[in-house]
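Written out below as structure tokens is the structure these notes cover.
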Amino acid sequence: MSAPVTRLAEEPNVPEVWIGPRRYATKKARQEAVQAILGRYGLGQDVDQEDDDLLLRDLLDMHPNAAEKVGPGVDRFRIIPTPRGHHKGPEAVLVDGSKVAFSYQKCLDAPTHRQRVLAAMRTEIQPQVNTYYESRKASHTLVSDESGQPLAPDDTHVSYFQGPRFHDIAMEFVQAAGGFDAVDLTSETARGLALFTDRALAERWHAHHQEHAVLGLLSAKENLRRPRV
């Protein structure tokens, strides 16, 4: 999870279409951004431009089975033929050497209720994350908890790598609450801003996360190469 960032102000009548922090005017423009990456590389080539690599990491995070696809973490991406061989597609090369192909179209499909609930759970506990980041900044300890290297404020990410994954903390809570269907959400007025409609349930989630989360700091590159959480 990233350190606090300034969000773009809402614009009336402009659709909220995103890949990670990238905002697009239309779904077509978003799809064309992915297709442009595929077009820049030949079959079998590694994706070696940092901006392209970062976009594909954020894209894969949108896959309905992202946790299973990413596994131990992504080392890099390369371009391969699609199953029928008529088009190019992305493949994730994981840190353990295994390779996982994925459909970028599935990543761009409308999110499931399960995905929306997990996104709302991240939004709900963002103040806790912000408070942790600010406490580290105030104590002059903006250093990577993995490498010990100093971190610039715009290259600092709050991560769960020292304890249970966010996914595991969230799943434990959702199961105790009766499953994803038991969690109702407000309408999304902007990217990632849906919240729990039941504020008592939200408070219980805040307390559950506060009790179980073990946060730490990483650089952007360190964070991106870890398993999705």
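The values are calculated or read from the model by the stated rules, or taken from the named source; none is laboratory data. Please read these numbers as outputs of a predicted model, since none were measured by experiment. All Cβ positions, glycine included, derive from the backbone under ideal geometry; neighbour counts span all protein chains shown. Calculation scope for accessible area: heavy atoms of the full protein, side chains included, ligands and nucleic acids excluded. Shrake-Rupley method; radii C 1.70, N 1.55, O 1.52, S 1.80 Å.
See the values below:
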{"read-out": "Other-chain or far-sequence residues with amide H under 5 Å of residue 144's (modelled H)", "value": "149, 151"}
{"read-out": "Phi to ³J(HN,Hα) by Karplus 6.51 cos²θ - 1.76 cosθ + 1.60 over region 38-46, Hz, x for Gly, Pro", "value": "4, x, 7, 10, x, 4, x, 7, 6"}
{"read-out": "Proximal lysines to residue 106, defined as alpha-carbon separation beneath 20 angstrom and excluding residues fewer than eight positions away on the same chain", "value": "27, 28, 69, 88"}
{"read-out": "Options 183, 164, 36, ranked by Cα towards positive dipole end of the chain, top entry (Cβ charges)", "value": "36"}
{"read-out": "Fraction in percent of alpha-carbon pairs per bin - 5 Å, region 79-143", "value": "4, 13, 12, 11, 12, 14, 15, 11, 6, 3, 1, 0"}
{"read-out": "Proximal charge balance of residue 204 [Cβ under 13 Å; K/R count +1, D/E count -1]", "value": "-4"}
{"read-out": "The chain: calculated mean residue ellipticity at 222 nm from DSSP helix runs of at least 4, using -39500 (n - 2.57)", "value": "-11500 deg cm²/dmol"}
{"read-out": "Those trypsin sites (Lys or Arg not before Pro) in region 34-110 that DSSP places in a loop and that have at most 15 other beta carbons within 10 Å", "value": "84"}
{"read-out": "With DNA, RNA and ligands ignored, accessible area of residue 74 (1.4 Å probe; Å², nearest 10)", "value": "10 Å²"}
{"read-out": "Relative contact order [Cα under 8 Å, 6+ residues apart], the chain, whole percent", "value": "23 percent"}
{"read-out": "Cα-based convex hull, region 136-198, per residue volume (Å³, whole number)", "value": "142 Å³"}
{"read-out": "Region 91-229, dipole about Cα centre (Lys/Arg Cβ +1, Asp/Glu Cβ -1), debye to the nearest 20", "value": "240 debye"}
{"read-out": "Rounded if a/c under 1.5, otherwise prolate or oblate - region 89-199, Cα gyration tensor axes", "value": "oblate"}
{"read-out": "Under Karplus coefficients 6.51, -1.76 and 1.60, residue-wise ³J(HN,Hα) of region 52-68 in Hz, glycine/proline x", "value": "5, 4, 5, 5, 5, 5, 5, 5, 4, 5, 8, 5, x, 10, 4, 4, 6"}
{"read-out": "Candidate lysines for bridging to residue 137, where Cα separation is under 26 Å - those fewer than 8 sequence places away on the same chain excluded", "value": "221"}
{"read-out": "Built amide H within the under 5 Å cut-off of residue 76, gap 5+", "value": "93"}
{"read-out": "Inter-label distance for residue 143 and residue 176, nm, one decimal - labels placed 7 Å from Cα along Cα-to-Cβ", "value": "3.5 nm"}
{"read-out": "Percent breakdown of C-alpha pair distances by 10 Å bin, ordered from the shortest bin, for the chain", "value": "7, 29, 36, 23, 5, 0"}
{"read-out": "Under 5 Å, built H, 5+ apart or other chain: amide partners of residue 89", "value": "80, 82"}
